[in-house]
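First up is the structure itself, then whatever we jot down about it.
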Amino acid sequence: MRLLYILASYVLFALLFPVLLLHRKTRHGLKERLGFYGPGSLPPRGEGPVLWLHGASAGDLLALSPMFAPLRARFPGCQLILSTMTDSGYAMAKGRLAKDIDGVVYVPYDLWGATRRAVRAIRPDVLVLEYTEIWPNLIRAAKRGGARVVMTNGRFSPKNLGKYRRLFGLIGNPLHDLDLMLMRQEEEAERARSLGARPEWVRVTGNTKFDSLAGGLAQEDETLRGALGLEPGARVWIAGSTHEGEEEVLLGVYRRLLERWPDLRLVIAPRYVDRAARIVALTREKGLSVGLRSQGNPERGQVVVLDTIGELSRAYRLATVVFVGGSFTKRGGQNILEPAGQGKPVLYGPHMDNFRDSVDLLTGHGGVQVQDGEALQATLAEWLASPEQLASLGEQAQATVRRISGASERNAEAMTTLFPHGRPDPR
């Protein structure tokens, strides 16, 4: 059955290769994706263990990042190597996360040869896969190389269980090769067991993405405030991670709110920054002034487009109120707990299928789900008219995030049980 998957993976790769080579998210790092690493791609191996942590995208790497310190505390002298699938994830690791890690590479394609070359080069003691990053060839290569394989923030969608069972029946069950499955919720753990995971290897530890959000209130970022062209004390509505089709609704709501609050400023942070020019044009069509963060908003526009990568979390500190996008479209939502963790009241639309757990936590506790633009405008108007209510909702939101933190420490502690003496034997 493994041979069937190996052959099928090469056939599928041959068919998809032109798309992978040209797609804006995956068109760089071809050699590393094939398991070839040039000089300086990987740090010299030290005396401590090598922990290879994989997250598909920039957001997934951020969810892994709260584990860095707990892992270093429990595995002294360890090297943390990140891998990612997307160019934005690679840029995030090279930039924002660089000081906390020892190296970053593109994850190899899940091909028999590429995964084995990668494992031989990285020589991991532990391979950590996040969410549902179940890559059978990579998992098998890591196991043959002597590594322990761990899933963190584990999740399995109930609607896909049948597909997983059929696939595992054809290619063999890769869950049998995992040494630990650290799941977000008990429901997720039960699904893992139903798919054939060994019960003693499945634990519920929570979601690490909450840990990076649970600190104290961050200081407002005056440097970014200036770059966005925002006046001190101005009311600021931030629309984060917006998608095509949402900005038109948001700009319509904003124009109506300006009639009552002319000092209100709108910061739009598109999920994909290459859409910035389109948003600028749309804003001008609506008769509103607009500027770009990358240019310092010299126009001091009523609307500012955050057209840089990695600054949205910083920008949330400046917000009076936040709307999180991907929720007025079929995208399935974006991270609503990031602004909540900074003490901001949060609004989001009806399409939050990818973040149902977050919606259940936050709704009624600093977050409100609205069905359309009219409901969004009504709620914003109510909140802007009551600073006391805004402050109270922000406090509730942050308290909610603090209550659900701690998964990173639990995950790191669980990984120490993989080794007889709490750490891998030196190789």
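With the simple model of a label 7 Å out from the Cα in the direction of the Cβ, H28 to E190 spans 4.4 nm.
Quotient of the Cα radius of gyration of segment 15-58 and 2.2 N^0.38 Å, N being its number of residues: 1.49. Share of carbon and sulfur in the accessible area of the chain stands at 54%, probe radius 1.4 Å. Could you tell me how far the Cα centroid of segment 360-414 sits from the Cα centroid of segment 226-254, in Å? Cα centres, segment 226-254 to segment 360-414: 18 Å. What's the FRET efficiency of E395 with T223 using the Cβ-Cβ distance as r and R₀ = 45 Å, to the nearest 0.05? The calculated FRET efficiency here is 0.95.
Among residues other than R24 with Cβ under 11 Å from its Cβ, the summed charge is 0 (Lys and Arg +1, Asp and Glu -1). Working from Cα pairs under 8 Å separated by at least six residues, relative contact order for segment 1-155 is 26 percent.
Applying 0.36 nm per residue to the separation of L7 and E244 and subtracting their alpha-carbon distance, the gain on full extension is 81.5 nm. Each label was represented as a point 7 Å from its Cα along the Cα-to-Cβ direction; for R255 and A91 these points are 3.1 nm apart. Relative to the globular-protein estimate of 2.2 N^0.38 Å, the Cα radius of gyration of the chain stands at 1.03. Rg and Dmax of segment 219-287, based on Cα coordinates, read 12.5, 35 Å.
The tail of the calculated P(r) for segment 144-211, taken as Cα-Cα distances beyond 16 Å, holds 47 percent of the pairs. A simple spin-label model places the labels of R278 and A375 2.6 nm from each other, with each point 7 Å out along Cα-to-Cβ. With no solvent and one equal point scatterer per Cα, compute the Debye intensity ratio I(q)/I(0) for segment 290-335 at 0.24 Å⁻¹ and report its log10, rounded to two decimals. Debye output, listed in q order: -1.01. Going 7 Å from the Cα of T363 along its beta-carbon direction, which residues of segment 326-351 have the amide nitrogen within less than 19 Å of the resulting point? Residues 326-341, 345-351 fall inside that zone. Size check on segment 74-160: the Cα extents along the three principal axes, sorted descending, read 37, 30, 28 Å. Per-residue surface analysis assigns L21 an accessible area of about 70 Å², computed on protein heavy atoms at 1.4 Å probe radius.
Note on K99: lysines with a C-alpha under 30 Å away, same-chain residues under 8 apart excluded, are K25, K31, K143, K209, K344. Computed on the chain, with alpha-carbon pairs under 8 angstrom and 6+ residues apart, the relative contact order is 14 percent. Solvent-accessible area per residue in the chain equals 43 Å², computed with a 1.4 angstrom probe and all protein chains kept.
At q = 0.11, 0.17, 0.21 Å⁻¹ the log10 of I(q)/I(0) for segment 22-109 amounts to -0.29, -0.67, -1.00, computed by Debye summation with a single uniform scatterer per C-alpha, solvent ignored.
One compactness figure for segment 265-399 is 1.04, namely its Cα radius of gyration divided by 2.2 N^0.38 Å. The Cα atoms of segment 9-166 cover 42, 37, 31 Å along the three principal axes, with the biggest extent listed first.
In segment 293-427, Cα pairs under 8 Å separated by at least six residues give a relative contact order of 19 percent.
The values are calculated or read from the model by the stated rules, or taken from the named source; none is laboratory data. The structure displayed is predicted, hence computed values, not measured ones. So basically every Cβ, Gly included, is an ideal-geometry build from the backbone, and we count neighbours across all protein chains shown. Please note that ligands, DNA and RNA were not included when accessible areas were found on the heavy atoms of the full protein model with its side chains. Shrake-Rupley method; radii C 1.70, N 1.55, O 1.52, S 1.80 Å.
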